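Single-structure report; data block below.
All of the numbers you see were taken from the coordinates with simple rules; none came from a lab. These numbers were taken from a predicted model, which means no experiment stands behind them. Neighbour counts run over all protein chains shown; Cβ positions are idealised from the backbone, glycine included.
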Amino acid sequence: MKKFYLFCAAGMSTSLVAKKMQNVADSHKLPIEVKAFPDHKLDIIVEELHPDIILLGPQVKFKYEETKEKYEPKGIPVAVIDLNDYGNVDGERILKRAIKILKEKESK
């Protein structure tokens, strides 16, 4: 089971995105768990639950470089969710992009 964890300012709007992504994963019988968390819990969640990819909501895009520097050397890719996909709550596009990022990491 791959863990796709989303982080945003409060976790509210991102919870909606995570739910849509999970619905898409479930409908395709993909072994993926999608969850959303507030960004201030990022370090604790990563340490305890070991996600396969970290997705940042557009509202916490400013944390991208810091998060990438900290976790990509540990093998966890970090990406910012596209603002339009996020605004449209396009779970399918966001999920596809995350899967592509993971596949690229695994092929290296």
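Annotation: lysines with alpha-carbon distance below 24 angstrom to Lys68 (same-chain offsets under eight excluded): Lys2, Lys3, Lys35, Lys41, Lys96, Lys100, Lys103, Lys105, Lys108. Summing Lys, Arg as +1 and Asp, Glu as -1, what charge do residues with Cβ under 9 Å from the Cβ of Gly91 carry, Gly91 excluded? Taking every Cβ under 9 Å from that of Gly91, the sum is 0.
Distant-in-sequence amide contacts of Phe7, defined by a placed amide H-H separation under 5 Å and a gap of 5 or more residues or a different chain, comprise Phe37, Leu55, Leu56, Gly57.
Starting from the range 6-48, pick out the trypsin sites (Lys or Arg not before Pro) whose DSSP state is loop and whose Cβ has at most 11 other Cβ atoms within 10 Å.
Numbers: sites: Lys19, Lys20, Lys29, Lys35, Lys41; in loops: Lys29.
Those that pass, being in a loop and sparsely packed, are Lys29.
List the residue ranges in the chain for DSSP H helices whose C-alpha atoms run 15 angstrom or more along the long axis and whose Kyte-Doolittle average is -0.5 or above. In the chain, the long hydrophobic H runs are 12-27.
Multiplying the residue separation of Lys96 and Glu69 by 0.36 nm and removing their Cα-Cα distance gives an extension gain of 7.4 nm.
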